[in-house]
Amino acid sequence: MSVEPEVPIVQVEEVRENPVLYKIISSDNHVFTISEHAVKLSKTLWDLITNLGLTAENALDNPIPVENVNGKNMETIVQFCERHKYDEEEPEYTNYIREFVLPEWDRQLLSIDNEELFQLILATNYLDIQKLMDYCCRVIGDMAKDKTPEELRIIYGIPTDAEDDALERSASDSPGPSG
Amino acid sequence: MTSETPLIDLPEDAMRHILEKCDFHAVQSLRKTSPNLRRFITENPPKSVISNVSVGVHNKTIILKLAYKGANSADDDFQLHVEYQHYKHGCTAHLVKSLTEKTEKVLLGESYVEVFTSDFISLLGYHGGNSLDQLFVDSGEVHTLPRITEKVLGKIAEQLTPALKVKKVHIISSDEEKIVNMLDKLEPDYLE
């Protein structure tokens with residue numbers, strides 16, 4: 001004779017459909033909602049949430065202002081975190097596998113010009129999102145494959161020695177903040 | 001694709017991440033782009049991704065092969081394959097990309113042993129204190145002049161970092177002293 005369990009079994013999918021949500025405000029006043037699992041990918045945001053004592057009950061009434069990240073980057077970051085919120089933790093060495101191929105979804109998300117990608121890296125660095133940092137840097141690193149130093153200077157905006165000297169000269173010639 | 005935000009303006013942590021994702025050639029090319037970047041790479045060598053190192057000597061040619069972590073462990077699946085050869089008034093370095101594709105660089109006035117040694121030092125510099133799965137050294141003494149074999153093995157032993165962590169070592173040589181010199185540099189607890 002089998003005994004029915006008294007405690008109802010909660011399906012994982014049901015839990016996923018009712019997540020705790022947090023509100024984030026970007027530097028240009030765009031408001032984003034993000035689930036608890038997703039926001040945990042950002043060490044900075046999760047530390048902030050923990051320190052502020054936000055709970056499932058008061059989270060949506062207390063939006064978190066993020067002064068250093070604009071709406072465009074925040075949108076990419078929220079999309080990325082939501083996409084990867086249930087990923088299993090990868091062993092540390094996978095960070096260093098050069099043959100790793102980015103999933104197509106992520107490659108599409110990060111198909112932006114270098115200027116935007118560098119800005120996204122700055123935002124990711126501030127929010128401390130390891131996986132996104134890894135992916136962005138992988139895209140940047142992949143650009144260097146089979147390139148000459150001259151090609152790399154163009155791709156990465158690295159000035160030549162002569163340009164560098166000229167920039168330094170013009171900086172020293174221009175009046176300082178007081179002049 | 002060009003950028004108005006130079007790579008070198010990124011935070012150091014991001015720069016280190018990027019360098020870790022670049023392959024050996026890319027890091028070497030980046031070193032040549034600017035003094036600032038060269039300084040950064042010297043001060044922050046990318047974490048090692050090398051799992052296997054193979055050095056073979058064969059009739060005035062030194063063959064250096066590397067495999068990176070995470071790659072298939074098949075013997076023929078090395079991601080970097082360079083051949084250093086004696087050439088009239090200097091040497092040549094061949095970067096072997098596939099069975100049919102090679103790029104060649106002629107270095108006049110340079111000894112192929114010295115060029116190999118310099119690259120080997122550079123590799124071990126990147127490697128730092130990380131572990132290798134396998135180190136394979138073939139002295140090639142059957143078909144190579146003894147003085148060349150001796151010199152190359154001596155250079156390798158000289159450059160191995162003290163207490164290098166290697167799981168498996170294969171050394172093909174009859175020169176016991178050189179073998180002992182190399183084994184002396186390996187971390188004994190790490191050998192399988």
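The values are calculated or read from the model by the stated rules, or taken from the named source; none is laboratory data. All figures in this text were calculated on a predicted structure; none of them were measured in a lab. Cβ placement follows ideal geometry from the backbone for every residue including glycine, while neighbour counts extend to all protein chains displayed. Please note that ligands, DNA and RNA were not included when accessible areas were found on the heavy atoms of the full protein model with its side chains. Shrake-Rupley method; radii C 1.70, N 1.55, O 1.52, S 1.80 Å.
The table below lists the values:
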quantity	calculated
Estimated FRET transfer efficiency when R0 is 30 angstrom, pair B:Glu12-A:Glu116 (beta carbons, to 0.05)	0.90
Förster radius 35 Å - calculated FRET efficiency between A:Glu104 and B:Ser131 (Cβ-Cβ, nearest 0.05)	0.55
Simple spin-label estimate for B:Asp189 and A:Lys23 in nanometres, 7 Å along Cα-Cβ	5.5
Estimated inter-spin distance, B:Arg39 and A:Asn51, nm [label 7 Å along Cα→Cβ]	3.3
Label point at A:Glu75 placed 7 Å out along Cα→Cβ; residues across the stretch A:20-37 whose backbone nitrogen lies under 20 Å	A:22-35
Solvent accessible area, Å² - B:Arg31, 1.4 Å probe, full protein context	70
Computed label-point distance, nm, for sites A:Glu88 and B:Thr103 using a 7 Å Cα→Cβ extension	3.9
Chain pair A, B: total accessible area buried, heavy atoms, 1.4 Å probe, Å²	3200
Heavy atoms of A:Glu75 accessible to a 1.4 Å probe, total area in Å² rounded to 10	90
Length gained when the stretch B:His86-B:Ile121 is fully extended (0.36 nm per residue, less Cα-Cα span)	10.6 nm
Net +/- balance of residues flanking A:Cys81 in space, Cβ distance below 13 Å, scoring K and R +1, D and E -1	-1
